[in-house]
Amino acid sequence: MEDKERELQHNVGEENTEKITENTEATPSTEASETVEIPEKEPSGTLEEKGTQNEPETTEAAEPKENIPSKSEEEKEPVATESKREETAANEDDAVLEEIDESNAEDAEDTGNNERHTIPVLDYHSMSMENLVGELQKLVRNEKVQAIKKQVDGIKSEFDLKFQEFLEEKKEDFINGGGNEIDFRYNSVTKRQFNEVYDDYREKRNIYYKSLEKNLKENLSRRLEIIEELKGLVNVDEDMNTTYKAFKELQENWRNAGPIPRTDYNNVWRTYQHHIEIFYDFLHLNRELRDLDFKHNLEEKEKLVVQAEILTKEPDLTIAFRDLQTLHKIWKEDIGPVGQEHREEIWERFSNATKVLHQRRQDHYKELDAEYEKNLVVKNEIIAAIEAMSQNVATSHKALQQQIKKLEELRNAFFGAGKVPRNQNEKTWDAFKGAVRNFNKSKNAYYKNLKKEQQDNLDKKRALLDRAVALKESEEWDRATPEMKRIQNDWKQIGHVPRKYSDKIWKEFKTACNHYFDRMHAVKNEGLKDEQENFEKKSACLDKLAAFELSGKREDDLTSIKAFIAEWKTYGRVPFKKKNIDQKFNKILDGIFKKLDIDRQESELLKYGNKIQELAKADNERAIQNERSFIRKKIEESKGEIRQLETNLEFFSNASEDNPLVRDVIKRVESHKETLETWKAKLKKLNILKNDIIRAHDAEEEAASAESEAEAEEQE
């Protein structure tokens, strides 16, 4: 997480600061500072003479600025003996001192300002909207409001982008569902929660800055009063010890006066320091007191010099530079001037330690820049890989999951690649976020379409389920079984449905299908048992028919044969593999009919007589109608065959009747004519049966009507 935090920062070794000037209502007035006197400078090169009101804001870890001179007019006069290199070096020295002054001015304005450096900047881009709300709430509740601006801005930027994408998806769903775009409204609980927390942050921030503005103005006014009182000490005609005691009280009051606007900090301090020196000059009347103070200040500054020189060897440059800033602040604010004979020397030692540390940092930055350039190449390659993947998003769930895993690997590689040059940081980070966002947009579009497709699949499966449930109690096996098999096959062809419905609808469908086929198999098993019994009975009947011997009396023999046929018809279906028993039975019958000299048509009608009896017993009008349709179809087929054969004979008009082909055609015509007559005879028998049934029904209706009339008469 620490690496990611560093990666997200916009500057190499630099963190943005909370600027009071960004809140115009909370910007302190600078009118008071316009009347502050600008004193003569201390020894050339001292820290105290650097920094101006209008310097841009810096931080303790920022790289030194270049070409930002703050020298007085006499310092800008060219010196003939200075080389260009010395001028450049002097400018660099000035830059680091200005940087330290500005950072100390910023921290002086708010003593808790430096706490912002300890608050991590997380990878807000990877967080969901809900997590962003939680992170914002945690910051607002637990951290100082002036220290979290960078974090809050990052959270808000990412939340706004994510919510806009979310809202566009919802609008698209609304329009696709038949809605009108102008009627679209969406109430987001997450957005409402974010606004509440963000409004709380803004309210706390405004309260803080208004309070700070008031305090800063009051403190500035108090410090200016102290300066005025300090100026008046040199004009007081009283005992020197009393005056010196008053001077010490003013110094203590100055230390406790509190923060002032950073824009006034350096100017007010220089004015104060100027009048401190004037007072010390005034103390020449009492050299003993002044020398004691100079001696004490020299001792304290020597301690700071020693600490600064130790810092030049500190391995951690960030810690070293921050501690150096603190030493400069103590040098400036807490310790007074030293004797003129030591002033240049002590400052030179302190300044040299600062320059050594500054040079170490500059050299370190150069090394980092080379490393950052390499990191930039790596990160650009990672961004290019993500962009390529976002332009070729997979079209299957499995492949897309692999790409998502690959994206996470690339993300980790990006954050692990280290920092890039400061001027490329924001550009690189924006390019990375854009590439990731493009991939996620395509990924979300795929799953959105997949969700719609799965909903369509669910509707299709529900329709098949309804059909299966409607058929599960059917006993029309010949019709329902193919339909159930078709439904099962169609089910297999339909793709995935939403996960939350998948198990439930499958169990319902499976239950309906199993119920039907379990019933069918139970009936089939029972039917197989009956078919086996029928086979055994038919086998016995066949054996008896095979053993039958003609008595020589035609009518008696025909009666016996009809009895065999009638018995055979009473037995139902036999197992499919043993259906040839019917052929054996008919073959024996044909042999007997031949012995009795009964032609084919008569034998067919004898066999058909039993079928007529079965239809009569069943009294099934539909079965009779189906039989009539079947016979009519056979009649038409026979007529068609006869016409075709007779047409073929016309081609042999000049051929002799002894021609084998002619004889074959004639024989086939005669056979079909006999078959035609047989089918006509069967139709006649069937029509007679139908008429008999109709007459029987009419008779029953007449009898019923007569009975009803008789009952009515009796009731009268």
Estimated D of the range 188-325 in µm² per second, where Rh is the Kirkwood radius over Cα pairs and Stokes-Einstein applies at 37 °C, 0.692 mPa s: 173 µm²/s
Sorted on mean Cβ neighbours within 10 Å (highest first), peptides 547-554, 575-582 come out as 575-582, 547-554
Integer Hz, Karplus 6.51/-1.76/1.60 couplings in order for the range 397-410, x for Gly and Pro: 4, 4, 5, 5, 4, 5, 5, 4, 5, 5, 4, 5, 5, 5
Counting only heavy atoms of protein chains, what accessible area per residue, in Å², does the range 374-522 have with a probe of 1.4 Å? 61 Å²
Length gained, LYS245-GLU344, 0.36 nm per residue minus C-alpha separation, equals 32.8 nm
Accessible area of the range 383-515 with a 1.4 Å probe: how many percent of it is carbon plus sulfur? 48 percent
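What does the accessible area per residue of the range 195-288 come to in Å², with a 1.4 Å probe and no ligands, DNA or RNA counted? Before the final figure, lay out each step's value.
Working: 4790 Å² over 94 residues.
For the range 195-288, the per-residue accessible area is 51 Å².
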In bins 5 Å wide, starting from 0, what share of all Cα pairs of the range 115-224 does each bin hold, as a percent? 2, 11, 17, 16, 14, 11, 9, 7, 5, 3, 2, 1, 1, 0, 0
Theoretical FRET efficiency, 1/(1+(r/R0)^6), r = Cβ-Cβ of ASP369 and LYS427, R0 22 Å, to 0.05: 0.85
Stretched fully, the stretch from GLN359 through LYS441 gains (0.36 nm per residue minus C-alpha distance, one decimal, in nm) 24.8 nm
Where the accessible area of the range 327-381 is counted over protein heavy atoms with a 1.4 Å probe, how much of it, in %, is carbon and sulfur? 50 percent
Mind checking which of ILE155, VAL140, VAL121 is farthest towards the positive end of the range 117-166's charge dipole, using Cβ charges of +1 (Lys, Arg) and -1 (Asp, Glu) about the Cα centre? VAL140
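With r as the distance between the Cβ atoms of SER157 and ARG499 and R0 = 35 Å, compute the FRET efficiency 1/(1 + (r/R0)^6) and round to 0.05.
On the way: r = 34 Å, r/R0 = 0.97.
That gives a FRET efficiency of 0.55.
Hey, what's the Cα Rg ratio for the range 300-362 versus the globular rule of thumb, 2.2 N^0.38 Å?
Numbers: Rg = 11.6 Å, N = 63, 2.2 N^0.38 = 10.6 Å.
With N residues counted in the range 300-362, Rg over 2.2 N^0.38 Å equals 1.09.
Can you tell me the order of 353-366, 188-201 when each peptide is scored by its average per-residue count of other Cβ atoms within 10 angstrom, highest first?
On the way: 353-366: 16.8, 188-201: 15.2.
Sorting 353-366, 188-201 by mean packing, highest first, produces 353-366, 188-201.
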For the range 526-585 and the range 410-484, write down the distance between their C-alpha centroids in whole Å. 66 Å
Give or take rounding to whole Å, what are the principal axis extents of the alpha carbon atoms in the range 206-266, in descending order? 50, 16, 16
Quick one: what are the phi-derived ³J(HN,Hα) couplings along the range 640-650, Karplus 6.51/-1.76/1.60 with θ = phi - 60°, whole Hz, x for glycine and proline? x, 4, 4, 4, 5, 5, 5, 5, 5, 5, 5
Evaluate the distance, in nm, between pseudo-label points positioned 7 Å from the Cα of LYS578 and of ARG668 along their respective Cα→Cβ axes. 3.9 nm
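Pop the C-beta distance of ARG202 and ASP281 into the FRET formula with R0 = 41 Å and round what comes out to the nearest 0.05. Before the final figure, lay out each step's value.
Details: r = 51 Å, r/R0 = 1.25.
It comes to 0.20.
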Among 623-629, 179-185, the order from most to least packed when residues are scored by Cβ within 10 Å on average: 623-629, 179-185
Area of GLU408 that stays accessible when all protein chains are in place (1.4 Å probe, Å², to 10): 90 Å²
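The values are calculated or read from the model by the stated rules, or taken from the named source; none is laboratory data. Computed from a predicted model, the values in this text were never measured in an experiment. Here Cβ is always computed from backbone atoms with ideal geometry, including for glycine, and neighbour counts include all displayed protein chains. These accessible areas exclude ligands, DNA and RNA; they are computed on the full protein's heavy atoms, side chains included. Shrake-Rupley method; radii C 1.70, N 1.55, O 1.52, S 1.80 Å.
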